[in-house]
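Right, one structure below, let's go through it.
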Amino acid sequence: MKVSSKKKEKTEETPEQKPSAAPADAKQTKKKEINAEKAENFEEKYNELNDRFLRLAAEFDNYKKRAEKEKETVRLSGIRDLAASIFGILDSLELALKHSSQSDADSDGLIQGVRLTYEQSVSQLGNFGITQLSAGVGEKFNPSVHQAIESRPSEEVENGCVAEEIAKGYTAGETLIRPIFVAVSSGSAEPESSEPENKEQSGENEKPEK
């Protein structure tokens, strides 16, 4: 009895074919391009928003400065109006003190009261930032703070200098509210020149013609 041998069929094993790397690389490259484009768009958007923010911040800062300046202007305007309304009173008090007689015992109490009122008023103005200005005799006339009320000759004071302070001036901060009223010296008075009298009239000594 013949035993049939089965021939084993040899199957040829073919190596597995790996997928091509080209499509994956292309996909990866495309993804990188998309990400780069997104990053570029994001940077542009960021720069745009940042510029807008900086402009708004600068505008707001300028607005704050303008508002503070306007507020200060309104405040100083109110102070100037208030101060100007009492300058006349202070001038009257100062004039009364200037012409008061300290030797009069009966009026001594009144004079002290006037002086106290004057000093307190000036002090209150100082609390609002208002400073009193004075001019000394012999001080050079300064048109930025002085206002000449009159010009007078003076033997003691040089020409163009303050001969007398008539009324004090006032400032609010760096702003001049009222200049110092002064009398300015015109120098020594020149003596009047007198022409010699002609005793002989014209033709007085002329002899009449015969």
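Taken together, the values in this text are just the output of simple stated rules run on the coordinates, not laboratory data. Computed from a predicted structure; not experimentally measured. A quick note on method: Cβ atoms are made from the backbone with ideal geometry, for glycine too, and the neighbour counts reach across all protein chains shown.
For the cross-link pairs Lys69/Lys98; Lys71/Lys168; Lys38/Lys64, which exceed 32 Å when the distance is taken from alpha carbon to alpha carbon?
Beyond 32 Å between Cα atoms: Lys69/Lys98; Lys38/Lys64.
In whole Å, largest first, what are the principal axis extents of the Cα atoms in region 52-100?
70, 14, 5
What FRET efficiency would be calculated for the residue pair Ser92, Asn142, taking the C-beta separation as r and a Förster radius of 25 Å, to the nearest 0.05?
FRET efficiency, Ser92 to Asn142: 0.45.
Relative to the present Cα-Cα distance, how much length would full extension add between Ser100 and Asn35 at 0.36 nm per residue of separation?
14.0 nm
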